[in-house]
Amino acid sequence: MLSVATSTRLLLRRHRPLPLTVRIRNISRASSNEISILDQRYEVDGTTNITQSIIAKLPLRLHNQPAHPLGILRSKIESHFHDFAHLSSVHPVVTPAQNFDLLGFPPDHPGRSVTDSYYINKDCMLRTHTSAHEVETFATGQSKWLLTADVYRRDEIDSSHYPVFHQMEGARVFKTDKAGIEGVKADNQSLSRYLDQSNIVIEDIPHISPTNPAQPTHDPVHSELVALNLKLSINSLLLKLFGGGARDAPLQVRWIEAYFPFTSPSFEVEILYQGKWLEILGCGVVQQLTLDNAGKCLCYSLFFARPHPSLGIPDNIGWAFGLGLERIAMILFGIPDIRLFWSTDPRFLSQFSENKITAFKPYSKYPACFKDVSFWVPEGGLHENDFCDLVRDVVGDLAEDVKIVGGLWSRGFFSLTSTAIDRFLHSSQDRSQERVLPDKLPVDG
Ligand code: FA5
Ligand code: MG
């Protein structure tokens, strides 16, 4: 015989397949010949291939959110390079000249094609890398700077690639006069001393080689010193970022020869993570063309109100790197899928706080879904654990949390038999909350 009723809340994982991610060419047009991007209107033409889902990402700027993993990582790197200028609010729309030509990309480089990059029209595109801002930033006369931004590439869909990701560009230039070169040597000595005392294993390659040469206009001795300064600066950053986890096992870093049109020699850096080498950045000695273009202020009138007094960039030699923030954040925070960075789910965002690296705790990939269940309990009472066992039998691990939310209810309210609960829970797995829970459940007379 049944005597009293109780009410219990279940947090169920909804059992709905993820929607298929399909790229649909669905452009938001201000008029038939224009699109609106970040409150600016652009003419469209036969090159236009930017999509609505990409336009929606443009205002988000995750790297500027202090308690987002990308914002936390950005601050951590900025605090390592504390005496560098820190830039992070640069507009994502650039010209193909900024993204490619001024950096010496050949006319037939595949990155220029509409299959690889997002074009707004033939004259404007979304930057595909933060290097697009090298010339204009060098043109301000800054000799040490970091620039963080969102970048856009038409790319495959999987857990480590996303069409929007974040890069940080870092650069440093030195004067090629005697005092400038002595400064590089002194910095190299102090960085080497610091790294010699640490638990880091570095697989290095020559700073310059026949396949990775110094530039013809560079003194090879200067090029070697600057490449060494780049390597020491990056290795010390990696030690700062990953050193904590490398107390027992040493951090393993590998330098590899690479090619970029805008650096020579060029390198990529990989770190050993969970038994696999993972590429985290590209870098090299800046092509003199970039510094020459900065010196000529080719883009100057577009970006800055007045010339910087310390131009003269062609008398400098420097290095630059571009690192992928998501790749590093995935390792540091243990975030398994690049798409999670875009989550607005409080179960994701509430896990992180400013200036703290915390391990990500996985949660259901299905949205939370609450079900209130009321039923009569037997006269002798019903322990909460009896009900939990019943739930486990019916929905297994789909139930994340079960709580009693009501007390004892008066006779005559309504009842659900265990069979009814069984059917109720099963049917709830692929239906919306609204359809599953009727306003009034049948009253047991
Ligand atoms: C570049 O973008 C160069 N601009 C880097 C550079 C700067 C070289 C300055 C020399 C001097 P790359 O395409 O390899 O290079 O990208 C750099 C980093 O961005 C990669 O190492 C990786 O960490 C990250 N990255 C590249 N593609 C993706 C992607 N689809 N999703 C997430 N991260 C990516
Ligand atoms: Mg690469």
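The values are calculated or read from the model by the stated rules, or taken from the named source; none is laboratory data. All values derive from a computational prediction rather than experimental measurement. In this analysis, Cβ positions are derived from the backbone assuming ideal geometry, glycine residues included, and neighbour counts consider all displayed protein chains.
Okay, here's what the table says:
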| quantity | calculated |
| --- | --- |
| Output for the range 46-86, where each listed residue is more than 24 Å from the chain's Cα centre (by Cα) and surrounded by 13 or more Cβ atoms within 10 Å (Cβ to Cβ) | Thr47, Thr48 |
| Ala186 being aliphatic (A, V, I, L, M), within 28 Å of Ile317 (Cα to Cα) and either in contact with a strand residue (DSSP E or B) (Cβ under 7 Å, 6 or more places away or on another chain) or modelled with pLDDT under 95 (or both) | no |
| All positions within the range 116-144 that are at pLDDT below 95 and not in a helix (DSSP H, G or I) | Ala139, Thr140, Gly141, Gln142, Ser143 |
| Filter result for Asp196 (surrounded by fewer than 15 Cβ atoms within 10 Å (Cβ to Cβ), more than 30 Å from Ile54 (Cβ to Cβ) and in contact with a helix residue (DSSP H, G or I) (Cβ under 8 Å, 6 or more places away or on another chain)) | no |
| Count - residues of the range 208-243 that are in contact (Cβ under 8 Å) with a residue 60 or more places away in the chain, touching a Ser or Thr at 6+ places or on another chain (Cβ under 9 Å) and β-branched (Val, Ile, Thr) | 0 |
| Identity of the residue in the range 101-115, assigned to a loop (DSSP other than H, G, I, E, B) and free of Cβ contacts under 8 Å to residues at least 60 places away in the same chain, that ends up surrounded by the most Cβ atoms within 10 Å (Cβ to Cβ) | Ser113 |
